[in-house]
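Data first, discussion second: the structure below is written as structure tokens.
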Amino acid sequence: MKHVIAGSGPAAVAAAETLRKTDSEADIVLIGDEPEPPYGRMAIPYFLVGNIDEAGTYLRKTPDHFEGLKILIKQDRVTGISVDAGEVALEGGGAEAFDTLLIATGGAPVKPPVDGLDLSGVHHCWTLADARAIAGRANEGASVVLIGAGFIACIILESLLRRGVALTVIEREKRMVPHMMDDTAADMLKRWCEDKGVTIKTATQVAKVEEGKAGDGLVVHLDNGEQVDAALVVVAAGTRSNIGFLEGSGIKVEDGIVVDEFLKTSADTVYAAGDCAQGPDFSGGWAVHGIQPTAAEHGRIAGLNMAGRATPYKGSLSMNVLDTAGLISASFGRWQGVEGGDFAENIVEKDFRYIRLAFEDDRVIGALTLGRTNHIGVLRGLIQTPVHLGAWKDKLMNDPHKIMEAYLAQAGKRAQDYT
């Protein structure tokens, strides 16, 4: 039996290791297109600020880890798939045959249609190569423009600030982190960043980027006529599933690769996991969740199913936790609420503290918090465990901070019911 995995991120590694645990004799080939050992992109910000070296980003720290498991890592890029022939085409030439295939190619950064983004000094922050280039220009006091203020952009923002740069953030939407926060939370986050010396321009787009007249640095032109000089421009305008190579394969794709509860695609021998997979959502729908915990769990479940151990995936909870210049924010589940649902919220503007709970009937289905570091796991538990709060809903409506009390009350009730 030969299992081929396209990709080398968390989903790919988790799948490869699961396959080896399940089948000691199978051939396992992991195909990645970067020269470094498999690493985690979420560790790149820590590398940028010097908390870890490059080896600290590696998903497995032992140098011969994959060799010891007899997992072959091939540096190449999958450019196409023939399901009927059971093989993938490789950019370096030739093909790799498979009995089962896992597509774990992750996401790719979006490049906005803006002139000048190919200039020297303009970088995404997606690969270790990007991080090296950014570190070479993001020196203390350097003027840096960050295009984007979404989830990934705010992680990069934190790293750039810690390098001591003079930072300007350009976001085309009317608020920061628009897919994670409502207007109230986003306004508080913006004011927090501005208090830290960051210039934030929302509802603004970059019109073009040019080289400076003296050939020194860059000039960023905005759609409102303003210009910003920069030694470095970092593009973090979102990501999309890396699935373009599937065109003509017959494998069904929408926002990502469509999979069933076993993470199998529309082709019987092909599975998908991680940021490229449109998989089961905890709320009952199907979605692409571009977060590392989901990717790793996808990989584990896909590996079991590829090895013939039928294991359904229960669905991932949409969850984001962000540290932006020291302000912790989090969103869980259906934080935007549902039609006919209720909300409970509490705001302390001066302390940058905010909590908002979303209800469906008497169940918590989503939450949004700012300035809170305690009981985050409790919030997740209330949402993932579909408990009916009964009278505790009214108590939370009056004071949404009483989430721990509500959780313990429901846990006690469940224990009593069990006995």
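Annotations for the structure displayed:
- Gly250 vs. criteria under 21 Å from the mean Cα position of the chain (by Cα) and either in the same structural domain as Leu160 (by TED's automatic domain parsing) or not aromatic (Phe, Trp, Tyr) (or both): no
- The single residue among Ala203, Ala214 that is at pLDDT 95 or above and either closer than 24 Å to Leu322 by Cα or not assigned by TED's automatic domain parsing to the domain that holds Ile44 (or both) turns out to be Ala203.
- Only one of the listed residues (Leu102, Leu72, Leu128, Leu117) is outside the structural domain of Val29 (by TED's automatic domain parsing) and farther than 26 Å from Leu222 by Cβ. That residue is Leu128.
- Strands (runs of 3 or more DSSP E) within segment 183-234 that include 3 or more residues in contact (Cβ under 8 Å) with a residue 24 or more places away in the chain and of a type outside the set (Ser, Thr, Tyr): 206-211, 218-222, 227-230
- Test: residue in segment 47-54 that is in a strand (DSSP E or B) and buried (at least 19 other Cβ atoms within 10 Å of the Cβ): no
- Qualifying residue in segment 79-95 (condition: part of a helix (DSSP H, G or I) and closer than 26 Å to Val288 by Cα): no
- Elements of type strands (runs of 3 or more DSSP E) in segment 331-418, at least 1 residues being out of contact with any strand residue (DSSP E or B) (no Cβ under 9 Å at 6 or more places or on another chain) and closer than 22 Å to Lys314 by Cβ: 363-370
- For segment 295-316, a tally of residues being of a type in the set (D, E, K, R), farther than 28 Å from Ile44 by Cβ and in contact (Cβ under 8 Å) with a residue 40 or more places away in the chain returns 1.
- Within segment 239-294, the set of residues being assigned to a loop (DSSP other than H, G, I, E, B), within 30 Å of Gly381 (Cβ to Cβ), among the small types (Gly, Ala, Ser) and touching a residue at least 40 places away in the same chain (Cβ under 8 Å) comprises Ala273, Ser283, Gly290.
- Residue within segment 313-331 that is more than 30 Å from Thr184 (Cβ to Cβ) and crowded, with 16+ Cβ neighbours inside 10 Å present: yes
- Residue check for Thr294: polar (S, T, N, Q), in contact with a Leu (Cβ under 7 Å, 6 or more places away or on another chain) and more than 14 Å from Thr369 (Cβ to Cβ): no
- Per the conditions (1) of a type outside the set (Ser, Thr, Tyr); (2) crowded, with 16+ Cβ neighbours inside 10 Å; (3) closer than 19 Å to Val321 by Cβ; (4) out of contact with any Pro (no Cβ under 6 Å at 6 or more places or on another chain), the sole criterion not satisfied by Ile155 is (4).
The values are calculated or read from the model by the stated rules, or taken from the named source; none is laboratory data. Values in this document were obtained by computation on a predicted structure and should not be read as measured data. Positions of Cβ are backbone-derived with ideal geometry, glycine not excepted, and every protein chain shown enters the neighbour counts.
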